[in-house]
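Asks: Structure provided below as structure tokens; questions to follow.
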Amino acid sequence: MADPRFFSLAGPFTLRELAAIAKAELGPGTDPQRLIIDVAPLETAGPQDISFIDNRRYVDTFRKSRAGACVVAPDLADKAPEGMALVITPQPYRGYALIAQAFHPEPAVIPGCHESAVIDPSARIGAGSRIGPGVVIGARVEIGRDCDIGPHTVIDDGVVIGDETKIGANAYLGYCLIGRRCRFHAGVRIGNRGFGFAMDPDGYVDVPQLGRVIVEDDVEIGANSTIDRGAGPDTVIGAGCKIDNLVQIGHNVRLGRGCVLVAQSGIAGSTKLDDFVVLAAQAGVAGHLTIGKGAQLAAKTGVMRDVPAGQAVAGAPAMPVRDFFRLVAIWQRQLKAKGKRDE
């Protein structure tokens, strides 16, 4: 059970209700009126909890689980222990996520403005929004309805924030237009000056960064991630992107829809990612490149040239995943042979 000091609990729900929430079907012989009180991992779940399995690695844990119910794919349903109710769907992790959201909904925004907030008279704040302690809101800022601005966040002059967007504590937003239903975690920095200067023997000459950051609807940005404003063209984050903690996005970068950037990955200036590109942890992409739709970059990949749509790459410099693992196999054979020669 989630710690009630931090997480509210809704429910209980019947299995029929949970199956509807998960867009799933109940397994044969399941009592649709059986009540479930919470979600829990397979290892710790009890008879009134629901869990999930979507990886065959955990079949043994599944077989031994005391969970009263489980969200499971059709091909694993026959591995369930006796007496466990099954909620069956081809996408068990997605189904579980929807059920967990039902049991632990996001707390409602309680409207109001803390007395310590500093708000320019020309700023406009939509109905139902909450402005936390120590927040600073600059001139001509527009904040939509039902937004939540966390403590000590600074929203600089002219920024626009769409409805139902949540900004965590100690964030900075400048030179940016933010869409609806976005979520920015603590310490996010958006709109900082792009890293642009002319090289000169007498000293570097800064190039004015005159663009903005455009963040479209339903984007999530993790803690302490940074997105630089454009140098002239805008930096654009496409709708539905998921950006993890400690990610760096340079000036003029354009992300398509639904891109996923995992922790400590970075993208240099003027690179374009098409829709649904995935960068695993610590992947790095050089500037002025194009990463095609649906491409996937493995952890610690270093990309120095364009990646075609749909291709998975690994290594530094990046190469197709199959080629990378062939090289690894060759290196391992060579090391083994060398070891035998040295004996």
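Asks: In which sequence would Phe324, Phe184 go, from the one with the fewest C-beta neighbours within 10 Å to the one with the most? Each step should come with its number before you reach the end.
Replies: Details: Phe324 18, Phe184 28.
Fewest-to-most Cβ neighbours within 10 Å comes out as Phe324, Phe184.
Asks: What nm distance separates the two modelled labels at Arg341 and Leu210, each placed 7 Å from Cα along Cα→Cβ?
Replies: Label-label distance for Arg341 and Leu210, simple model: 6.1 nm.
Asks: Once all Cα-Cα distances of the stretch 161-233 are split into 10 Å bins that start at 0, what whole-number percent is in each one?
Replies: 21, 44, 22, 10, 3
Asks: Can you sort His251, His288, His152, His185 from fewest to most other Cβ atoms within 10 Å of each residue's own Cβ?
Replies: Least crowded to most crowded, the residues run His288, His152, His185, His251.
Asks: Pairs Lys166/Lys272; Lys23/Lys272; Lys64/Lys300; Lys23/Lys79: which are spaced more than 31 Å apart, C-alpha to C-alpha?
Replies: Pairs exceeding the cut-off: Lys23/Lys272; Lys64/Lys300.
Asks: How large is the translational diffusion coefficient of the stretch 190-343 in µm² per second when you combine the Kirkwood radius over alpha carbon pairs with Stokes-Einstein at 10 °C and 1.306 mPa s?
Replies: The Stokes-Einstein estimate is 96 µm²/s.
Asks: Quick one: Debye curve from the alpha-carbon atoms of the stretch 94-217 only, equal weights, vacuum; give me log10 I(q)/I(0) at q = 0.09, 0.11, 0.20 Å⁻¹ to two decimals.
Replies: Rounded to two decimals, the profile gives -0.32, -0.44, -1.06.
Asks: Sticking with this one: Tell me the net charge near Ala100. Cut-off is 13 Å between Cβ atoms, Ala100 excluded, with +1 for each Lys or Arg and -1 for each Asp or Glu. Show your work: numbers first, answer last.
Replies: Values: positive: Arg94; negative: Asp38, Asp49, Glu106.
After counting each charged neighbour, the total is -2.
Asks: Which of the trypsin sites (Lys or Arg not before Pro) found in the stretch 123-153 are loop residues per DSSP with 14 or fewer other Cβ atoms within 10 Å of their Cβ?
Replies: Details: sites: Arg124, Arg130, Arg140, Arg145; in loops: Arg140, Arg145.
In loop regions of the stretch 123-153 (DSSP not H, G, I, E or B), the sparsely surrounded trypsin sites (Lys or Arg not before Pro) are Arg140.
Asks: I need the phi-derived Karplus couplings for the stretch 283-291: 6.51 cos²θ - 1.76 cosθ + 1.60, θ = phi - 60°, integer Hz, Gly and Pro marked x.
Replies: Going residue by residue, I get 5, x, 10, 5, x, 6, 10, 10, 10 Hz, with x marking Gly and Pro.
Asks: May I ask you to evaluate 6.51 cos²θ - 1.76 cosθ + 1.60, the Karplus curve with θ = phi - 60°, for each residue of the stretch 99-105 and list the ³J(HN,Hα) values in order in whole Hz, giving x for glycine and proline?
Replies: So the J values, rounded to whole Hz, are 5, 4, 4, 5, 6, 10, x.
Asks: Tell me which residues come under 5 Å, amide H to amide H, from Ala312 once H is placed; ignore anything under 5 positions away on its chain.
Replies: Gln296, Val321
Asks: Shape call for the stretch 13-103 from the C-alpha gyration tensor, a ≥ b ≥ c root eigenvalues: rounded (a/c under 1.5), prolate (a/b greater than b/c) or oblate?
Replies: rounded
Asks: Can you give me the long-range amide H partners of Asp234? Hydrogens built in the peptide plane at 1.01 Å from N, cutoff under 5 Å, separation of 5 or more residues or another chain.
Replies: Residues meeting the criterion, in which the H sits 1.01 Å from N, are Arg212.
Asks: Still on this structure, I have one more. Looking at the calculated P(r) for the chain, what percent of the C-alpha pair distances fall above 26 Å?
Replies: Values: 36328 of 58653 pairs.
Percent of Cα pairs beyond 26 Å in the chain: 62.
The numbers here are math on the coordinates, done by the rules we state, and not lab data. On a predicted model such as this, the values are computed, not experimentally measured, just so you know. Glycine also receives a Cβ, built like all others from the backbone with ideal geometry; neighbour counts cover every protein chain displayed.
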